[in-house]
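Below: one structure, written as structure tokens.
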There are 2 protein chains.
Amino acid sequence: MPPLPDTPDLLLAGGDVLLHDGKWRVERADVTVREGRIQAVGRTDGRADREATRVSIRDCSGCLIMPGLIQAHVHLCQTLFRGLADDLRLEDWLVRRIWPLEAAHTEETVYWSALLGAAELLLGGTTAILDMETVRHTGAAFQALEGIGIRATVGKCLMDAHPEGAPLELAESTDNALAEAEALAKRWHNGAGSRLRVCFAPRFVPSCSGPLLRAASELAERFDAQLHTHAAETIVERETVLRTTGLEEIAYLDSVGIAGPRAALAHCVWVDVHETARLARQGTTVVHCPSSNLKLASGVAKVPELLAAGCRVALGADGAPCNNRLDAFAEMRLAALIQKPRLGADALPAGRVLELATLGGARALGLETEIGSIAPGKRADLVVLDLREPHLHPAGGDPVSLVVYAACASDVRDVFVDGRPVVLGHELLTAPIEEIVREADRAAAELHDAAQLA
Amino acid sequence: MPPLPDTPDLLLAGGDVLLHDGKWRVERADVTVREGRIQAVGRTDGRADREATRVSIRDCSGCLIMPGLIQAHVHLCQTLFRGLADDLRLEDWLVRRIWPLEAAHTEETVYWSALLGAAELLLGGTTAILDMETVRHTGAAFQALEGIGIRATVGKCLMDAHPEGAPLELAESTDNALAEAEALAKRWHNGAGSRLRVCFAPRFVPSCSGPLLRAASELAERFDAQLHTHAAETIVERETVLRTTGLEEIAYLDSVGIAGPRAALAHCVWVDVHETARLARQGTTVVHCPSSNLKLASGVAKVPELLAAGCRVALGADGAPCNNRLDAFAEMRLAALIQKPRLGADALPAGRVLELATLGGARALGLETEIGSIAPGKRADLVVLDLREPHLHPAGGDPVSLVVYAACASDVRDVFVDGRPVVLGHELLTAPIEEIVREADRAAAELHDAAQLA
């Protein structure tokens, strides 16, 4: 007997569902999913659904069903560098560790680095990312992400040997960099049912010529793709850009077309009120990376001020060597906490932070109509949080506070992307975790040897 | 056949052991435990041990064996208040939430609050605490902690109605407060094989008369017990103490005998260089609570400067409503991260932070010869960290960085206190976790109703 046209493929039954309509609210409801999208949220009478043989029913009683978390600035190619660059000043961090390690990457090490990072992300409830890879082998990252099932917008890192910001062994000619980026876009953009997308990702202003930046912006228009770069991470970067371009950094990026809803700028710790107003006016997304900004001693981005000015803000863990987790719960909690000594305990409350990690991330990816909240018609990127552990009790308080201040990545029980189960019962279904960990260990050791770190 | 005199009770076999001799180092070794103490660390030939029937052997291959973590400032009586006081300014936090909730506590709610907190602490690798309860029902907390098996030094909160710092419904007469504290000491100090100890715990200077503080200091001497209070948490507190006593806070505490190796002062965010020098000279412990200091907007304690001056420093999560976790891993990571924007990425490196959470905590409890590191003769308070999860890979980096920056409470596999297994395979053995969670939920709801929160 064929299923009824309305029969869902998946029914998440009996949980508390975290909904957003202007503000967060929770409803005890069932969520039905059909062909990868949320079909309905409400009480299913359930009889017809439960009798249809092709419906997969998942009991979510005692759980919170929340939108998949979105991290709009990660470097999966750096996952293998975790623990190799701790407590180092930024210059040493980049020059003595990150550049040599990225230069030593092979297709194989990029592949395992992406898989290790994606496994951690999915197990911790992150369903979508904006990822900047290294200069070479970005195709291997796409292959890894195609299999493991995360939603990913991925860019090859663009650097064309500007003297102050790109090491010789990583910089390319402008033409070669653009040609490879375009080839990647033709191969991967809107691949895997549009789960995989390409972005154009100049590393940061000091690594890139003006022509490279402008061409990246044009490619993004042509492919209807996002732009992804770093901006205003440190005071030194800000001063370098001012000195070499004659413009403040955000104004310069704007002048070369890296601005507007297509553009996601990681960090923006060092922007003044005029640049903040410009970011807001253009609809550019700022991707706040609190752990990274603290660990590399960059500073604290003025997120409440950015939001008050009308800026779009998302969250990200950045790369493993400057965090060292890829944990959206850790970033949310820290984002809320670090503003308070400066602005008071009511600064950046939990609900606002959770918006950054969901709706804000969706906007950063240009996917705000597709993901970022639980609503009929949106893609079914969903996280089921198990509320059994003692650190989530007593029950009955504000579930948003629970998610932001108390919950951990390890509380994530199930994860769905496009309605497909990628994690069930804390187990990754889409890739062999033991092999990933073993091969990542081996690849990291090879990389470490090849990089000949000082 | 009786066991040989040297036969251990417990053998942790095949793990990497985190040792401290001036600095941290790791050795692949077995740890043997006899009569609650570490007997040896090294390669056991193992045959005799393994054949002895009374030896319990625990395979720790693929794991890191580390000292149990110590939190030297918690309020277990507040665990039931988790999620009831978020994003509130300190005055509202205390007056509208914490005072009324503490005043509503019954013997039963104190009991479940302590059990819920201790369960979370043990499951997350915290083996020892310095705990400040509320004014009443501290005996119920001791009963809870006796059963669940954590090492705890617990103090009834002392407040005698000083006009600026104690609400009427919680303040006692000086004599009543002291009499109850003394009775608790007689009943519980060095109970449960000396696992339970009493401390004398004036809440903070504005809550206490001079005679109360001096008498607390005398009781601590008489019982050979610790003193535990809050100090210099906020700028308002600092100014209040200066105005009402005519002395700076640390000097005033010193003048009433709350100083020296017996004394653990939570927070010390607002101490100047003279007070820092005084803390160092006296050997007083500062208990750094980074999450709490951020969440309540108190500020950032200058821990690197305190350490450079020679101060003793420990770590603590404070209470659930100002954190909202009781997670030593979260505190370690945050303690390391928050100093760096101010002082550089090499400020307070991972190894120093792990010392605060182990050796520093042991000193705060006055137990530095007994706990805080893995060494023959010390009590066997041990944590086995499972290194399988992807966020702890690649393997082969610095294990101390791994513990501080990457590991989570959920990576704790086994926990031993006095050599007794309290957690094995992520399961709490010493108390029924489902009952604790259910009863804590129920108790919290009762408390919430009784407190009639505005």
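Observations on the model:
- Antiparallel DSSP beta bridges within the stretch B:69-364, as percent of all bridges there, nearest 5: 5
- Residues B:Arg82, B:Arg151, A:Arg136 arranged by fewest to most Cβ contacts within 10 Å: A:Arg136, B:Arg151, B:Arg82
- Charge dipole magnitude, Cβ of K and R +1, D and E -1 - the protein assembly as shown, Cα centre, debye nearest 20: 300
- Two-site label geometry, A:Arg96 and B:Thr244: point separation in nm, points 7 Å out along Cα→Cβ: 5.0
- Think of each Lys and Arg Cβ as +1 and each Asp and Glu Cβ as -1; about the Cα centre, that makes the dipole of the stretch A:371-428 roughly 180 debye.
- Across peptide B:407-416, the average count of Cβ atoms from other chains found within 10 Å of a residue's Cβ is 2.
- Of the residues B:Leu69, B:Thr174, B:Phe142, the one whose Cα sits farthest toward the positive end of the charge dipole of the stretch B:69-364, with +1 on the Cβ of Lys and Arg and -1 on the Cβ of Asp and Glu, is B:Leu69.
- Distances between placed amide hydrogens fall under 5 Å for B:Gly319 paired with B:His75, all partners being 5 or more residues away or on another chain.
- Nearest chain B C-beta to the B/A rotation axis, reported as residue and distance in angstrom, is B:Ser410, 2.
- MRE, 222 nm, helices only [DSSP H, n ≥ 4, -39500 (n - 2.57), over chain B, to nearest 500]: -10000 deg cm²/dmol
- Shortest first, A:Pro432 label-point distances to identical copies amount to 4.3 nm, with the label point at 7 Å from Cα along Cα→Cβ.
- Separation between Cα centres of the stretch A:217-287 and the stretch A:368-389, rounded to whole Å: 30
- Of A:Lys302/B:Lys295; B:Lys156/B:Lys302; B:Lys23/B:Lys340; B:Lys23/B:Lys302; A:Lys156/A:Lys302; A:Lys295/B:Lys302, those spanning more than 24 Å from alpha-carbon to alpha-carbon: B:Lys156/B:Lys302; A:Lys156/A:Lys302
- Neighbour count of at most 15 Cβ within 10 Å plus DSSP loop: longest GluC sites (Glu not before Pro)-free window in chain A: A:170-454
- Spin-label model, B:Leu453 to A:Glu427: label points 7 Å out along the Cα-to-beta-carbon direction sit 3.9 nm apart.
- Residues A:Asp92, A:Asp386 arranged by fewest to most Cβ contacts within 10 Å: A:Asp92, A:Asp386
- Assigned charges on the beta-carbon of Lys, Arg, Asp, Glu; the stretch B:69-364 dipole about Cα centre (debye): 760
- Between this copy and the others, label points of B:Glu91 are 4.7 nm apart in ascending order, each placed 7 angstrom from Cα in the Cβ direction.
- Other-chain or far-sequence residues with amide H under 5 Å of B:Leu10's (modelled H): B:Val33, B:Ser56
- Peptides A:19-26, B:207-214 ranked from most to least packed, by the mean per-residue count of other Cβ atoms within 10 Å: B:207-214, A:19-26.
- For the stretch B:330-410: rounded, prolate or oblate by the Cα gyration tensor [a/c cutoff 1.5]: oblate
- For the pair A:Ser56 and A:Glu435, label points projected 7 Å from Cα toward Cβ lie 2.0 nm apart.
- With the label put 7 angstrom out from Cα along the Cα-to-Cβ vector, B:Val236 ends up 4.1 nm from the copy partners, going from closest to farthest.
- FRET efficiency, 1/(1 + (r/R0)^6) with R0 56 Å, evaluated for B:Val236 and A:Thr106 via beta carbons: 0.45
- Rounded if a/c under 1.5, otherwise prolate or oblate - the stretch B:69-364, Cα gyration tensor axes: rounded
- Within 10 Å of each Cβ in A:335-346, the average number of Cβ atoms from other chains: 6
- Dipole orientation for the stretch B:305-454: of the candidates B:Gln452, B:Asn323, B:Gly344, B:Gly344 has the Cα lying most toward the positive pole (charges on Cβ; Lys, Arg +1; Asp, Glu -1).
Values quoted throughout were computed directly from the atomic coordinates according to the rules given, and no laboratory measurement underlies them. None of the values given here were measured: they were computed from a predicted structure. Because the Cβ atoms are built from the backbone with ideal geometry, glycine has one as well, and the counts that use them run over all protein chains shown.
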